[in-house]
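Data first, discussion second: the structure below is written as structure tokens.
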Amino acid sequence: VSFGRNTDKEGKFVKHFVPELKNFPAKFIYEPWKASKAQQKQWGCVVGEGYPERIVDHDVVRQVNIDRMKAAYAADKVPAPKSKEPPAKKQKLSAKASKSKQETISAAFGKSTGR
């Protein structure tokens, strides 16, 4: 909603591609459900009849998502339990395994390894 308001204040794009809203004033073009039923009838498009109901209430969903992100960030700040085992060491590939891996990658992308 805010992107449209910032980039196309008059709603010309919406009015062009959503002809049901062509008679709505700019104030309601991005949130037609906020117009009264009488206004919607006057402009020839009633939300829920000639135009679909909104899927979510952005104000409610926005707050739910903010709360979830805060919880996720808070959970991430809890230190992970320390393991008693040392971290696993990376193993070096043998020259043969390394070449085979390179050939597999090259074959997948249709390139010659040049080796």
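The values are calculated or read from the model by the stated rules, or taken from the named source; none is laboratory data. Just so we're clear, the structure is a prediction, and the values are computed from it rather than from any experiment. The protein model used for the area step is the full one, side chains on, heavy atoms only, and it has no ligands, DNA or RNA in it. Shrake-Rupley method; radii C 1.70, N 1.55, O 1.52, S 1.80 Å.
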List, in order, the whole-Hz ³J(HN,Hα) value for each residue of region 55-68 obtained from phi through the Karplus relation with A = 6.51, B = -1.76, C = 1.60 and θ = phi - 60°; use x for Gly and Pro.
-> 7, 9, 8, 4, 5, 5, 5, 4, 5, 4, 5, 4, 4, 5
Could you pull out every one of the aspartates and glutamates with an alpha carbon less than 18 Å from that of Lys22, ignoring same-chain neighbours closer than 8 positions?
-> Asp8, Glu10, Glu31, Glu49, Glu53
Could you order Phe28, Phe3 by accessible surface area, starting with the largest, using a probe radius of 1.4 Å?
-> Phe3, Phe28
Under 5 Å between amide H atoms, partner at least 5 residues away or on a different chain: which partners does Tyr51 have, H built in plane at 1.01 Å?
-> Val46
Of Lys9/Lys70; Lys27/Lys70; Lys15/Lys41; Lys37/Lys70; Lys12/Lys41; Lys34/Lys70, pairs whose Cα-Cα distance is over 27 Å = Lys9/Lys70; Lys27/Lys70; Lys37/Lys70; Lys34/Lys70
Ordering Arg54, Arg68 by the accessible surface of their heavy atoms, 1.4 Å probe, largest first, yields Arg68, Arg54
Roughly how many Å² of Ser2 are accessible to a 1.4 Å probe, to the nearest 10?
-> 80 Å²
A student applying the Cα gyration tensor rule (rounded when a/c is under 1.5; otherwise prolate if a/b is larger than b/c, oblate if not) would label region 1-66 oblate
